[in-house]
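Reading through the structure tokens given below for one structure.
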Amino acid sequence: MTTTLVANAHAVDASGETEGFWMLLDGDRIAATGSAADRTCPLEAPGRHHDGRDGLGGALPAADTVVDLGGARLTPGLVDLHSHGGGGASHDGGPDEIERGLALHRSHGTTRSLVSLVANPIDRLRGSIEAIAELRRRDPLVLGAHLEGPFLAPHRKGAHAEQHLAVPSPENVDALLGAAPGTVRQITLAPELPGGLDAVGRIVAAGAVVAIGHTEADHALAVAAFDRGATMMTHAFNAIAGIGHREPGPVVAAISDERVTIELILDGVHVHPEVVRMVFASAPGRVALITDAMSAAGSADGDYLLGELAVTVTDGVAVLSGTDTIAGSTLTQDAALRLALSAAGQTPVSAVEALTLTPARAIGEADRLGLLAPGYVADAVAWTDDWHVSRVWAAGRELTDGR
């Protein structure tokens, strides 16, 4: 397998910051890491030799290709648990459109993604799940499917077609989970729907994650759903009750529960940066910054579709046409990172964690995604001084324009 040595970097991940960092990529994994402070290379693989490279710090392993980053920042590849498209393509539009949307986000540093689907008839969702399963077989960067619909409260439906909403009956749940077993990784659910709490346990038992969202749930019901096994909250503060001083609401239930990961859309529109700052402080290590991007991400203002619903994008803000209802975002994760550092006042370590290790942990992938460490996937992003994407590696291969 081809080996690549990425060296002379300023590494930033959830474990901290390291100057003079290097890592050896062997195939699709990180084989070894070290820094200029190391006296010797920590790993010598059979059949390899070490050679010193002045200016890169310490003894370094040999590799087929050496990339000297010149002190630039290096982070793990970003992980997005909630995205509906980008680059003019919708994830509800089939494999070709999914690939186009993913390429846009990969060019912005997102190396691993769940493919999110809006509410549609059960049979149509089954077809979409099967298509994602096929795409996943040939593209390891696709983590699986996230069903944002159809198990949503009608009065909190947001940009989902009400006629396609459904109750989480055992038959409906099993039909979706059984479409391509193991493909559905996350389901958003309103626990007040008939059979909602029982569905939480059924979904979790099948190996998928339940996120509470698009719901009228109060604090008590959210606590009950988390006790049944729900471990995420879909885009907190949006399509869900806020925080009240007498009825604290579901967001407080999520913040108070160490088992729960809280999605936030940090685009300056969905949640005020000061509220984002508050959630980071209240739930350290449990905030996952997601895009909830629709097809207009990376594209011009204009008219688009989200599922079957018409969407108008003006100044980068997407709303259902003729209304003020927000319809997803035009966000990319690199922009969310910059806002986390500036408007939300996070440290580089905290901001990067919210885009890497925390989302990976939320879906049970923290043993292989989200760190620059031996044994982890060879996904990484090099950044300019002002935190714009410079280079992207995914599964050990450097990407060009997201491909």
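The values are calculated or read from the model by the stated rules, or taken from the named source; none is laboratory data. All values reported here derive from a predicted model rather than from experimental measurement. Don't worry about glycine lacking a Cβ; one is built from the backbone with ideal geometry, like all the others, and counts go over all protein chains shown.
Here are some notes:
- Selection status of residue 351, at pLDDT 95 or above and on the phi < 0 side of the Ramachandran plot: yes
- In the range 346-370, residue surrounded by the fewest Cβ atoms within 10 Å (Cβ to Cβ) [restricted to those that are among the hydroxyl-bearing types (Ser, Thr, Tyr) and either under 24 Å from residue 101 (Cα atoms) or without any contact (Cβ under 8 Å) to a residue 40 or more places away in the chain (or both)]: 347
- Identity of the residue in the range 278-310, out of contact with any helix residue (DSSP H, G or I) (no Cβ under 9 Å at 6 or more places or on another chain) and of a type in the set (D, E, K, R), that ends up farthest from residue 353 (Cα to Cα): 303
- Residue 93 being modelled with pLDDT under 95, in a loop (DSSP other than H, G, I, E, B) and surrounded by 15 or more Cβ atoms within 10 Å (Cβ to Cβ): yes
- Matching entry among 373, 336, 343 (being among the aliphatic types (A, V, I, L, M) and crowded, with 18+ Cβ neighbours inside 10 Å): 336
Each row is one residue, and each column tells you yes or no for (1) surrounded by 24 or more Cβ atoms within 10 Å (Cβ to Cβ); (2) closer than 17 Å to residue 338 by Cα.
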site: 223; (1), (2): no, no
site: 226; (1), (2): no, no
site: 236; (1), (2): yes, no
site: 249; (1), (2): no, no
site: 266; (1), (2): yes, yes
site: 269; (1), (2): no, yes
site: 285; (1), (2): no, no
site: 291; (1), (2): yes, yes
site: 295; (1), (2): yes, no
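- Scanning the range 77-88 for residues that are within 25 Å of residue 380 (Cβ to Cβ) and buried (at least 24 other Cβ atoms within 10 Å of the Cβ) yields 77, 78, 79, 80, 81, 82, 83, 85, 86.
- The listed residue being in the same structural domain as residue 280 (by TED's automatic domain parsing), within 19 Å of residue 123 (Cβ to Cβ) and without any contact (Cβ under 8 Å) to a residue 40 or more places away in the chain, out of 221, 152, 197, 177: 177
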